[in-house]
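I have placed the structure first, in the form of structure tokens, so that the comments after it can refer back to it.
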Amino acid sequence: MSGVDVAFDTVGGDTTRTLVPTVREGGVIVTIAGPPPQEPGVRGELLIMSPDAEQLARIAELVAAGDVRVELAEVLPLSEVQRAHELSESRHTRGKIVLTVGT
């Protein structure tokens, strides 16, 4: 993927650096996990905040409307929590690991 306006980094380190080529000229990488990248043509921002319920509800609305897309690496049943943990620790997944509850 390339040419995105905004990339959100929640991992840091090498992951932050791999996001740089995906962002269009003039775009921004927002990170919560470490120093923002210092790359020509891409603005880096470190985000530190304490979200409240209203802010989280607004983010949920944006996701539901398709204005913000969340990349999913795996969707697993809760019974596979060990596998989800292993995937997370491997640091080789791209996207979120989601556990589902019930049927």
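Overview of values
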item: Charge sum, other residues only, whose C-beta stays under 9 Å from GLU71's C-beta, Lys/Arg counted +1 and Asp/Glu -1; result: +3
item: Helix 53-64 vs. the chain, principal-axis angle (Cα, 0 to 90°, nearest 10); result: 90 degrees
item: Which of THR18, LEU46, GLY95, positive extreme of dipole for the chain (C-beta unit charges); result: THR18
item: Within the stretch 1-74: Cβ-based charge dipole about Cα centre, in debye rounded to nearest 20 (Lys, Arg +1; Asp, Glu -1); result: 160 debye
item: Length gained when the stretch VAL28-GLU54 is fully extended (0.36 nm per residue, less Cα-Cα span); result: 7.0 nm
item: Local electrostatic count at LYS96 - Lys and Arg +1, Asp and Glu -1, tallied over other residues with Cβ under 9 Å; result: -2
item: Distance (nanometres) between label positions extended 7 Å along Cα→Cβ at GLU45 and GLU74; result: 3.2 nm
item: Label corresponding to mean projected area of the Cα convex hull in nm² when calculated from the structure given, among (i) 14.7; (ii) 7.3; (iii) 7.9; result: (iii)
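No value in this document is a laboratory result; all are computed from the given coordinates. Just so it is clear, the model here is predicted, and its values are computed rather than measured. Heads up, the Cβs are rebuilt from the backbone with ideal geometry, glycines too, and the neighbour counts pull from every protein chain shown.
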